[in-house]
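The structure under discussion appears below in the form of structure tokens.
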Amino acid sequence: MEYGPVIVESLLRSASDNLIETYLRLGHAIPESRSWEEPAYVACGGTFEHPICNFAARLRLDPWSARRLSDLASGRPAFNVYLLPGDEPSHATELLERAGFHPSYRLVQMVAERPEPGPSIELSRADTFEDRFKVASFMGHQFFTRQTEAFRRKIAIATARAEGLELYGLDERAQKTAALMLCHASGVLGVYNLCVASARRGRGIGSGVLNWALALARETERAVTLQCDSRLEGWYRYWGFVATGKVDVYSLAKRNQDDIIL
């Protein structure tokens, strides 16, 4: 599917805003963290040594603000700078690298404007803190495999507390099998942390979960946005998504891939 330039620009900005809003809601759920907005960026900072509450995005950089961002990051053990489609200026990469940042990893930003869902699997929404914590804990075990249990628990608590982010899970025989997180912001539906238990992968469960989200978006007449590893781009294209750009993540120190929040 090909979109015209006006539609691409609108979806691109909405997708980026949805991502920033999602990350801010997660960051706010970490105790002692705070966010602030400056002309050159919006930032979040906290005492927890993880980019979930230490990051900057929505960049409008110049040499001075890039250096200031470097000073902010240098005082923290973990800090990510997200360079999103539509950020400015066009040579923002050069400004970040001159300020001491280097690329850590890249995700593909994708959008489905009018999703056509296929066969889906019905998910259950987690509404109580206990149920949200169970879903968030399952997500943590899928994405943070190399981290300690205490670390995963802190991430799970923050995810469960995050206001405005919906958590859904699939149970089979009283065991959590799949999950995802949704953010309704900026006029689009953001899909995050879609995951399936390792023992249950390759059986169409992931497709069923995605199509459930696509059906929900169709009911509410929303486009769907997500960010994924380049290895998954073809899979999402199969379900009607198109790439609208890259999400480049910069840091001052090398970070483990387990630090990625999808």
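Of all residues in the stretch 205-234, count the ones that are under 16 Å from Leu123 (Cβ atoms), touching a residue at least 40 places away in the same chain (Cβ under 8 Å) and either out of contact with any strand residue (DSSP E or B) (no Cβ under 7 Å at 6 or more places or on another chain) or surrounded by fewer than 19 Cβ atoms within 10 Å (Cβ to Cβ) (or both). The total comes to 7. Against the definition (at pLDDT 95 or above, open to solvent by 50 Å² or more (accessible area, probe 1.4 Å) and not in a loop (DSSP other than H, G, I, E, B)), how does Arg106 come out, yes or no? So Arg106 fits the description; yes. Listed by first and then second residue, the pairs linking a residue in the stretch 147-175 that is without any contact (Cβ under 8 Å) to a residue 40 or more places away in the chain and more than 23 Å from Leu210 (Cβ to Cβ) to a residue that is of a type outside the set (D, E, K, R) and open to solvent by 80 Å² or more (accessible area, probe 1.4 Å), with Cβ atoms under 8 Å apart and 6 or more places separating them unless they lie on different chains, are Arg152/His141.
Of the strands (runs of 3 or more DSSP E) lying entirely inside the stretch 1-87, the ones with 3 or more residues being open to solvent by less than 10 Å² (accessible area, probe 1.4 Å) are found at 41-45, 55-57, 80-83.
The set of residues in the stretch 132-146 being without any contact (Cβ under 8 Å) to a residue 24 or more places away in the chain and either in a strand (DSSP E or B) or surrounded by fewer than 18 Cβ atoms within 10 Å (Cβ to Cβ) (or both) consists of His141 alone. Could you check, for the stretch 66-82, whether at least one of its residues is under 21 Å from Val242 (Cβ atoms), at pLDDT below 90 and not basic (Lys, Arg)? No.
The values are calculated or read from the model by the stated rules, or taken from the named source; none is laboratory data. The structure displayed is predicted, hence computed values, not measured ones. Virtual Cβ from ideal backbone geometry, glycine too; neighbours counted across all protein chains shown. These area figures cover heavy atoms from the full protein model, side chains too; ligands, DNA and RNA do not enter into them. Shrake-Rupley method; radii C 1.70, N 1.55, O 1.52, S 1.80 Å.
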